[in-house]
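Student: Below is a structure I'd like to ask you about.
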């Protein structure tokens, strides 16, 4: 799966366009029926064959296909990440990891938001900020921590250079050097986790595009609890400044 497949119309979108994430693009939906189990097993087998084609020495560490629906979904997600990490390690290609990073961040943001709301309801959400700011800070920190752990677990090559979590991205085009901190960066894609909608009018987003690595796109990821179309991609405009 590519970014063009997850964001319909991205390929031909004009600079500065905002395109919503295809609904449920990362979900494995439906009841745990025999048909769904068979489809999931088929997808898993395809991913295994793709990884082995990239790295003949790779070994699939699984004794059998999981018997529970949750286990089957977890195995499929694990194989997606292993394939993406193998593409980075063997071929230096970041495309699959860009998609998997978006999928991971979306899931992490959804789960962190649910925890933050629950903590707020029982009076245990820390911080002296407004409710929205406190929840947003909690979600940001949780996503960054979880993402670093996943990258380390899968031994993703390129961390700290092409693959970064909450690192300074400098803009040296002016006399005074400035920087912005995307929540994550994979190659020429920046990711921002937020509760509020952001556009090119936001100085932070313009700052991402003006950074020296010159991203092609900025992906805005918001918890899906906030409603349909909560996450979207902003395309680069040459008028950025």
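Student: State all residues of the range 118-140 that are surrounded by 14 or more Cβ atoms within 10 Å (Cβ to Cβ) and assigned to a helix (DSSP H, G or I); if no residue qualifies, say none.
Tutor: If the condition is that a residue be surrounded by 14 or more Cβ atoms within 10 Å (Cβ to Cβ) and assigned to a helix (DSSP H, G or I), then 119, 120, 134, 135, 136, 137, 138, 139, 140 are the ones that fit.
Student: Would you point out the residue of the range 220-230, among those that are in contact with a helix residue (DSSP H, G or I) (Cβ under 6 Å, 6 or more places away or on another chain) and either at pLDDT 95 or above or within 11 Å of residue 109 (Cα to Cα) (or both), that is surrounded by the most Cβ atoms within 10 Å (Cβ to Cβ)?
Tutor: Quick first cut of the range 220-230, residues in contact with a helix residue (DSSP H, G or I) (Cβ under 6 Å, 6 or more places away or on another chain) only: 221, 223-225, 230.
In the following step, the residues that additionally are either at pLDDT 95 or above or within 11 Å of residue 109 (Cα to Cα) (or both) were identified as 221, 223-225.
Details: 221: 28, 223: 24, 224: 19, 225: 12.
The qualifying residue surrounded by the most Cβ atoms within 10 Å (Cβ to Cβ) is 221.
Student: Just need a number here: residues in the range 12-30 that are at pLDDT below 70 and in contact with a helix residue (DSSP H, G or I) (Cβ under 8 Å, 6 or more places away or on another chain).
Tutor: The number of residues fulfilling the criteria is 5.
Student: While we're on this one: Scan the range 151-169 and tell me whether some residue there is assigned to a loop (DSSP other than H, G, I, E, B), over 19 Å from the mean Cα position of the chain (by Cα), surrounded by 15 or more Cβ atoms within 10 Å (Cβ to Cβ) and touching a residue at least 12 places away in the same chain (Cβ under 8 Å). Explain how you work it out, then say what you get.
Tutor: Just the residues of the range 151-169 that are assigned to a loop (DSSP other than H, G, I, E, B), to begin with: 154-158, 160-162, 166-168.
Now narrow it down to the ones that are over 19 Å from the mean Cα position of the chain (by Cα): none.
The answer is no; no qualifying residue exists.
The values are calculated or read from the model by the stated rules, or taken from the named source; none is laboratory data. What you see is a predicted model, and the numbers here were worked out from it, not measured in a lab. Backbone-built Cβ (ideal geometry, glycine too); neighbour counts: all protein chains shown.
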